[in-house]
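The values are calculated or read from the model by the stated rules, or taken from the named source; none is laboratory data. Keep in mind it's a predicted model, so treat the numbers as computed, not measured. Note that each Cβ is placed from the backbone with ideal geometry, even for glycine, and that neighbours are counted across all protein chains shown. Side chains included, ligands, DNA and RNA excluded: accessible areas come from the protein's heavy atoms. Shrake-Rupley method; radii C 1.70, N 1.55, O 1.52, S 1.80 Å.
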Amino acid sequence: MHFLALVALTCIAFPALSQDTEGPCSSSEFRQLDFWVGEWELSWPGGQGGTPEGQTGESVNTITRELGSCVIHESFNGDGFNGQSVSIYDARSEEWKQTWVDDQGGYISFTGVIDDGVMQFRTAAFSDAQGNQRINRMIWEDITRARLTWRWQSSTDDGETWSDLWVIAYTRR
């Protein structure tokens, strides 16, 4: 009787072992942020990101794949400002979702897509302190293996035009 149970278990188990073993997050869409994964040194000009005029802001940003390579985890550390984000590709909506939190009490929710060949994550529209409707976005551009540029931008005309608020030069460690 034990032999028959072993044969039945083997017939059930081996087909399962021969199935795709790449995992649920292995499609190309889940790999669209792979360029960002790694250890980065960051710099930006004064007057941006809370850095006083005349000084250069500096930070380290560590980007890793977590949870079976389904989640991109960011850990931003330096210059008196620290934060973390988690990003995941949502196959149902066919867009990226990111949540950012920081040590200043900040929380931002983004959705992201590739638009005209540029990866961009946007916030939902909100009212700023002056009562203007605003959308913020971040984009990654000029991407090479060793470098990239990240821009934090804002629009008050529903995305027709954008103003840079913070431009960071990334250099791979």
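Out of the range 43-58, which residues are open to solvent by less than 70 Å² (accessible area, probe 1.4 Å), out of contact with any Phe, Trp or Tyr (no Cβ under 6 Å at 6 or more places or on another chain) and either in contact (Cβ under 8 Å) with a residue 24 or more places away in the chain or assigned to a strand (DSSP E or B) (or both)?
S43, W44, P45, T51, listed by residue number.
V71 - would you say it is free of Cβ contacts under 8 Å to residues at least 60 places away in the same chain, open to solvent by 50 Å² or more (accessible area, probe 1.4 Å) and either closer than 26 Å to P24 by Cα or β-branched (V, I, T) (or both)? Reasoning before the result, please.
Values: free of Cβ contacts under 8 Å to residues at least 60 places away in the same chain: yes; open to solvent by 50 Å² or more (accessible area, probe 1.4 Å): no; either closer than 26 Å to P24 by Cα or β-branched (V, I, T) (or both): yes.
Against the criterion (free of Cβ contacts under 8 Å to residues at least 60 places away in the same chain, open to solvent by 50 Å² or more (accessible area, probe 1.4 Å) and either closer than 26 Å to P24 by Cα or β-branched (V, I, T) (or both)), V71 does not qualify.
Every residue in the range 83-138 that is among the acidic types (D, E), modelled with pLDDT under 95 and open to solvent by 30 Å² or more (accessible area, probe 1.4 Å), please.
Of the residues in the range 83-138, the ones among the acidic types (D, E) are 90, 94-95, 102-103, 115-116, 128.
Keeping just the survivors that are modelled with pLDDT under 95 gives 115-116, 128.
Scanning the range 83-138 gives D115, D116.
Can you name the condition, by its number, that I63 falls short on among (1) aliphatic (A, V, I, L, M); (2) open to solvent by less than 50 Å² (accessible area, probe 1.4 Å); (3) over 12 Å from the mean Cα position of the chain (by Cα)?
For I63, the failing item is (3).
With respect to the numbered conditions (1) assigned to a strand (DSSP E or B); (2) within 30 Å of G23 (Cβ to Cβ); (3) not polar (S, T, N, Q), which one is the sole condition not fulfilled by R151?
Among (1) assigned to a strand (DSSP E or B); (2) within 30 Å of G23 (Cβ to Cβ); (3) not polar (S, T, N, Q), R151 violates only (2).
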